[in-house]
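Here the structure is laid out as structure tokens; the discussion comes afterwards.
The values are calculated or read from the model by the stated rules, or taken from the named source; none is laboratory data. Fair warning: this is a prediction, and the values are worked out from it, not measured in the lab. Cβ atoms come from the backbone with ideal geometry, glycine included; neighbour counts cover every protein chain shown. What goes into the accessible areas is simple: the full protein's heavy atoms, side chains included, and nothing from ligands, DNA or RNA. Shrake-Rupley method; radii C 1.70, N 1.55, O 1.52, S 1.80 Å.
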Amino acid sequence: MMAMIFALLYSSLAFSDTAKITVKVAMFPGGSFEVTSNEVVGSGLKKGDKYSAAELKVPVKSLVTGIDLRDTHMRERLREKEFPYITAKNIDAKDGTGTATITIAGVTQKLDFKFKNADNQTAEATFKIKLSDFKISEISYLGVGIEDEIEVIANVGYQPG
């Protein structure tokens, strides 16, 4: 149910038209759903074949699952009132791989990701995270829970440098 999702690539206070975050969440005993946001604050910088960003942010309030009650529970688990953004900092990428520092609900972790150019202005990063690494666990409602590992796909705009 959690959408800890982030973006990847620089900070200039702008919502990119191409920005989109998609989080794939598997449930148990079965099923799945997606968490999405079209709000990514910031963009990346491309210099030659290297991509970088100081900071990108996704407002927790922008994350939606398609079910209002699930959205409310998700935002509570993400501690939106204390931590209104999920952030990615120190983003560096080259040759299809990269690293970033992600902060979700006040917990910071370093992570590796894969990326590719989606077009001449957008990069697509993919990575998996474990919710328990961010101190988010035991998520269930009426006997249906979510798996600890989620997949994130982040499409973020970049500027040539």
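Collect residues whose amide H, placed 1.01 Å from N in the peptide plane, falls under 5 Å from the amide H of TYR85; neighbours closer than 5 in sequence don't count.
Long-range HN contacts for TYR85: VAL60.
Can you give the Rg and Dmax of the chain based on its C-alpha atoms, in angstrom?
15.0, 51
Output wanted: per-residue J couplings in Hz (rounded whole) for the range 116-127, from phi through Karplus 6.51 cos²θ - 1.76 cosθ + 1.60, θ = phi - 60°, x for Gly and Pro.
Working through the residues one at a time gives 8, 6, 7, 6, 6, 10, 9, 10, 10, 9, 10, 6 Hz.
Restricting to DSSP H runs of at least four residues, report the calculated mean residue ellipticity at 222 nm for the chain, -39500 (n - 2.57) per run over all residues, nearest 500 deg cm²/dmol.
On the way: 1 runs with 10 residues, N = 161.
Using -39500 (n - 2.57) per qualifying helix, the result is -2000 deg cm²/dmol.
Each residue of the range 96-101 in turn: what ³J(HN,Hα) in whole Hz from Karplus with 6.51, -1.76, 1.60 and θ = phi - 60°, glycine and Pro shown as x?
x, 9, x, 9, 7, 10
Once the Cβ-Cβ distance between LYS130 and GLU76 is put in as r, and R0 is 30 Å, what FRET efficiency do you end up with, to the nearest 0.05?
It comes out at approximately 0.95.
What is the percent carbon and sulfur in the accessible area of the range 19-160, measuring with a 1.4 Å probe over the protein chains and ignoring ligands?
Details: 3410 of 7420 Å².
Carbon and sulfur atoms account for 46 percent of the accessible area of the range 19-160.
So for the pair ASP148, ASP68, with labels modelled 7 Å out along Cα→Cβ, what separation do we get in nm?
It is 3.5 nm.
Hey, what do the phi angles of the range 130-138 turn into as Karplus ³J(HN,Hα) couplings, whole Hz, using 6.51/-1.76/1.60 and θ = phi - 60°, x for Gly and Pro?
Taking θ as phi minus 60°, the curve returns 9, 4, 4, 5, 10, 6, 10, 8, 6 Hz for the range 130-138.
Quick check: residue separation of ALA118 and ASP92 times 0.36 nm, minus the Cα distance between them. What number comes out in nm?
Values: separation 26, 0.36 × 26 = 9.36 nm, distance 1.72 nm.
Full extension of this stretch gives 7.6 nm more.
Between 0 and 90 degrees, rounded to the nearest ten: what's the tilt of helix 68-77 against the longest Cα principal axis of the chain?
Helix 68-77 sits at roughly 70 degrees to that axis.
Give me the 1.4 Å probe accessible area per residue for the chain, excluding ligands and nucleic acids, in Å². Display every interim value, and only then the final one.
Values: 8260 Å² over 161 residues.
Dividing the accessible area of the chain by its residue count gives 51 Å².
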